[in-house]
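Undergrad: Mind having a look at this structure? Questions to follow.
The values are calculated or read from the model by the stated rules, or taken from the named source; none is laboratory data. This one's a predicted model, so the numbers in the text were calculated from it and none came from an experiment. Cβ placement follows ideal geometry from the backbone for every residue including glycine, while neighbour counts extend to all protein chains displayed.
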Amino acid sequence: MDRDEKPIELSVIVPVYNESGNLPELHRQIRAALDRLRYRSEVLYVDDGSTDGSDRVLDEIAESDPSVTVIRFRRNFGQTAALSAGFDYAQGQVLVTLDADLQNDPADIERLVEKLNEGYDLVSGWRKRRQDGFFLRKVPSWLANRLIRRMTGVPIHDFGCTLKAYRREVVENIRLYGELHRFIPALAHWVGARITELPVNHRPRTWGRSKYGLSRTIRVLLDLITIRFLMGFSTRPIQVFGRIGLYTGFLGFLICAWLSVGKFVAPERYSLLQRLPMLLLGILLILVGVQFISMGLLGELMTRTYHESQDKPIYVVREVIRRSESP
Ligand code: UDP
Ligand code: MG
């Protein structure tokens with residue numbers, strides 16, 4: 001069968017925000033990389049509200065190459081939204097995401113897809129020789145990756161690398177919010193994906209500026225807390241909050257009980273002023289305990305609303321094997 005009659009197998013997704021100077025060369029390289037492969041492929045550029053004329057460049061590229069799709073946002077929604085749109089519009093069974101700034105090398109697509117075909121659901125690029133500033137980029141990223149690795153239990157080195165290959169089912173099971181694109185491997189791990197990584201080429205940015213600064217560190221930290229919570233406890237919040245509540249409440253109760261007993265046993269030993277700090281601490285701990293338990297109960301209500309309002313099961317199925325046709 002001719003390559004053009006097959007259904008699309010491979011979709012390359014590129015988020016674009018003010019990258020007009022990089023796009024023509026990027027597309028040349030993507031084209032060259034895809035032409036070497038035997039898959040029927042498409043390229044999706046998601047224009048995330050660019051204001052530098054990237055839209056016109058993308059129009060020209062789409063004009064000259066029928067395998068190109070351009071998705072244009074009404075305004076800048078961020079890289080996570082751009083990737084998410086790419087996932088929604090892609091038709092391939094295998095999806096590859098890639099930065100538009102030429103820092104990722106399209107020539108690596110082939111190796112990523114080969115690795116995926118060895119039986120993985122997600123292959124993450126690892127910028128082993130990252131070409132970015134040392135203090136502002138590499139050090140924070142190294143620390144963040146270590147922390148994410150520890151907290152999520154996903155043993156890969158470079159969560160932030162956009163160059164990744166996914167099997168379609170994996171992204172279909174993941175909803176992305178905020179800036180969670182950096183946590184896709186963690187979310188994928190959570191739905192049971194088989195994940196691995198592969199060192200990839202990384203090049204310095206030669207045109208345009210990075211869209212992120214050091215401020216992303218805080219955002220990554222907050223996102224990490226969300227992810228950790230979602231991964232561990234989202235279907236049983238009372239188990240987390242309730243436990244903290246029980247511990248603090250019990251401690252507060254012990255302190256108050258000890259103070260009350262002391263009042264009868266040795267009333268002359270302490271004045272009220274000496275006991276006051278302990279009393280306050282005891283009351284505070286009891287109140288905090290009650291708060292935590294209530295929060296856990298509210299959380300329980302919310303998880304039920306979350307799952308039942310969208311018919312979202314609390315599990316993810318890889319496949320069902322059943323001999324008979326009727327259930
Ligand atoms: N990007 C985007 N929307 C944004 C910010 C970035 O689509 O709001 C794209 C950007 O065009 C690039 C990729 O996301 O293709 C990564 O951005 P950047 O190179 O600035 O990040 P860095 O490599 O510095 O981490
Ligand atoms: Mg970049």
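Undergrad: Out of all the residues in the stretch 121-151, which are within 16 Å of ligand 1 (Cβ to nearest atom) and assigned to a strand (DSSP E or B)?
TA: Across the stretch 121-151, the qualifying residues are 124, 125, 126.
Undergrad: Among the numbered criteria (1) basic (Lys, Arg); (2) away from ligand 2 (no atom under 16 Å from the Cβ); (3) within 14 Å of the chain's Cα centre (by Cα), which single criterion is violated by residue 150?
TA: (3)
Undergrad: Out of the residues in the stretch 62-89 meeting the condition of being in a helix (DSSP H, G or I) and of a type in the set (A, V, I, L, M, F, W, C), tell me which one is surrounded by the most Cβ atoms within 10 Å (Cβ to Cβ). Before the answer, list the steps.
TA: Residues of the stretch 62-89 in a helix (DSSP H, G or I): 62-64, 79-89.
Those left that are additionally of a type in the set (A, V, I, L, M, F, W, C): 62, 81-83, 85, 87.
On the way: 62: 16, 81: 20, 82: 26, 83: 24, 85: 20, 87: 21.
In this case the residue turns out to be 82.
Undergrad: Ok, one more. List the residue pairs whose Cβ atoms are under 9 Å apart, where the first residue sits in the stretch 42-56 and is at pLDDT 95 or above, the second is within 12 Å of ligand 1 (Cβ to nearest atom) and among the acidic types (Asp, Glu), and the two are 6 or more positions apart or on different chains.
TA: Here the result reads 50/19; 52/19; 54/19; 54/47; 55/47, each pair linking the stretch 42-56 to a residue that is within 12 Å of ligand 1 (Cβ to nearest atom) and among the acidic types (Asp, Glu).
Undergrad: Looking at 160, 178, can you tell me which residue is within 14 Å of ligand 1 (Cβ to nearest atom), of a type in the set (Gly, Ala, Ser), on the phi > 0 side of the Ramachandran plot and at pLDDT below 95? Even if it seems obvious, please write down each step before you answer.
TA: Values: 160 fails: on the phi > 0 side of the Ramachandran plot.
So the residue among 160, 178 that is within 14 Å of ligand 1 (Cβ to nearest atom), of a type in the set (Gly, Ala, Ser), on the phi > 0 side of the Ramachandran plot and at pLDDT below 95 is 178.
Undergrad: Oh, and also: I'd like the full set of residues that are outside any strand (DSSP E or B) and touching a strand residue (DSSP E or B) at 6+ places or on another chain (Cβ under 9 Å), limited to the stretch 36-52.
TA: Here is the first cut: in the stretch 36-52, the ones outside any strand (DSSP E or B) are 36-40, 48-52.
The answer is 37, 39, 40, 48, 49, 50.
Undergrad: Another one. Quick check: anything in the stretch 53-72 out of contact with any Leu (no Cβ under 6 Å at 6 or more places or on another chain) and within 10 Å of ligand 1 (Cβ to nearest atom)? Before you say what the answer is, go through the steps one by one.
TA: As a first pass, look at the stretch 53-72 and keep what is out of contact with any Leu (no Cβ under 6 Å at 6 or more places or on another chain): 53-56, 58-68, 71-72.
Next, from what is left, pick out any that are within 10 Å of ligand 1 (Cβ to nearest atom): 54.
Yes; the residues of the stretch 53-72 include at least one that is out of contact with any Leu (no Cβ under 6 Å at 6 or more places or on another chain) and within 10 Å of ligand 1 (Cβ to nearest atom).
Undergrad: Hey, another quick one. Check off (1) under 26 Å from the mean Cα position of the chain (by Cα); (2) within 16 Å of ligand 2 (Cβ to nearest atom); (3) crowded, with 21+ Cβ neighbours inside 10 Å for residue 18 and give me the number that stays unchecked.
TA: Condition (3) is where residue 18 drops out.
Undergrad: If residue 92 satisfies every condition in (1) crowded, with 22+ Cβ neighbours inside 10 Å; (2) not in a helix (DSSP H, G or I) but one, which is the exception?
TA: The failed condition is (1).
Undergrad: Another question, if that's okay. For the stretch 41-61, how many residues meet the condition of being β-branched (Val, Ile, Thr), closer than 16 Å to residue 30 by Cβ and surrounded by fewer than 21 Cβ atoms within 10 Å (Cβ to Cβ)?
TA: If we filter the stretch 41-61 for residues that are β-branched (Val, Ile, Thr), which is where we start, we get 43, 46, 51, 57, 61.
Restricting the remaining residues to those that are closer than 16 Å to residue 30 by Cβ gives 43, 46, 57, 61.
Right, trim to surrounded by fewer than 21 Cβ atoms within 10 Å (Cβ to Cβ) and you get 61.
Of the residues in that region, 1 qualify.
Undergrad: Among the candidates 156, 174, which residue alone is in contact with a helix residue (DSSP H, G or I) (Cβ under 7 Å, 6 or more places away or on another chain), among the β-branched types (Val, Ile, Thr) and either without any contact (Cβ under 8 Å) to a residue 40 or more places away in the chain or farther than 16 Å from residue 198 by Cβ (or both)? Explain how you work it out, then say what you get.
TA: Numbers: 156 fails: either without any contact (Cβ under 8 Å) to a residue 40 or more places away in the chain or farther than 16 Å from residue 198 by Cβ (or both).
So the residue among 156, 174 that is in contact with a helix residue (DSSP H, G or I) (Cβ under 7 Å, 6 or more places away or on another chain), among the β-branched types (Val, Ile, Thr) and either without any contact (Cβ under 8 Å) to a residue 40 or more places away in the chain or farther than 16 Å from residue 198 by Cβ (or both) is 174.
Undergrad: Looking for whichever is touching a residue at least 60 places away in the same chain (Cβ under 8 Å), charged (D, E, K, R), more than 20 Å from residue 196 (Cα to Cα) and not in a strand (DSSP E or B) here; the options are 59, 101. Which one fits?
TA: Values: 59 fails: touching a residue at least 60 places away in the same chain (Cβ under 8 Å).
Unique residue meeting the criteria: 101.
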